[in-house]
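Have a look at the structure below before the remarks.
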Amino acid sequence: MENLVVSPAEVSAKVGDTVEWINKDVFVHTATARNGDFDVTMPAKKTITSVLKKAGTVEYYCRYHPNMKATLTIAP
Ligand SMILES: [Cu+2]
């Protein structure tokens, strides 16, 4: 996440993969799944990792900047 944009906007992964959420901005961002599968908070200028636990196509957004959105496709 940089300059209030999520990049890349579409990513494929699989269950068990570790995602590195990189926030290059000076604001806090979140990666909040619309279906509730995950909700990661990224402090400013920090990298957070999380492990994908569930398959599916998940749309997510930032709770603080709802225009920031992307899709993560998670294979079983
Ligand atoms: Cu944000």
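The values are calculated or read from the model by the stated rules, or taken from the named source; none is laboratory data. These figures come from a predicted structure and were not determined experimentally. All Cβ positions, glycine included, derive from the backbone under ideal geometry; neighbour counts span all protein chains shown. Accessible surface areas use protein heavy atoms only, side chains included; no ligands, DNA or RNA. Shrake-Rupley method; radii C 1.70, N 1.55, O 1.52, S 1.80 Å.
Data overview
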{"read-out": "Residue in segment 44-64 that is out of contact with any strand residue (DSSP E or B) (no Cβ under 9 Å at 6 or more places or on another chain) and under 14 Å from TRP21 (Cα atoms) present", "value": "yes"}
{"read-out": "Lone unmet requirement of (1) of a type in the set (S, T, N, Q); (2) open to solvent by 80 Å² or more (accessible area, probe 1.4 Å); (3) part of a strand (DSSP E or B) for THR32", "value": "(2)"}
{"read-out": "Check on ASP25, farther than 15 Å from MET1 by Cβ, of a type outside the set (Phe, Trp, Tyr) and surrounded by 15 or more Cβ atoms within 10 Å (Cβ to Cβ)", "value": "no"}
{"read-out": "Within segment 35-46, tally of residues that are within 15 Å of the ligand (Cβ to nearest atom) and open to solvent by 60 Å² or more (accessible area, probe 1.4 Å)", "value": "4"}
{"read-out": "Tally, over segment 1-27, of residues that are part of a strand (DSSP E or B) and of a type in the set (A, V, I, L, M)", "value": "5"}
{"read-out": "Where ILE22 falls short, out of the listed (1) touching a residue at least 40 places away in the same chain (Cβ under 8 Å); (2) more than 18 Å from PRO76 (Cβ to Cβ)", "value": "(1)"}
{"read-out": "Output for segment 8-17, where each listed residue is open to solvent by less than 90 Å² (accessible area, probe 1.4 Å) and either within 15 Å of the ligand (Cβ to nearest atom) or within 17 Å of ALA55 (Cα to Cα) (or both)", "value": "ALA9, VAL11, ALA13, VAL15, GLY16, ASP17"}
{"read-out": "Top-ranked residue in segment 47-59 [being among the charged types (D, E, K, R) and in a loop (DSSP other than H, G, I, E, B); ranked as surrounded by the fewest Cβ atoms within 10 Å (Cβ to Cβ)]", "value": "LYS53"}
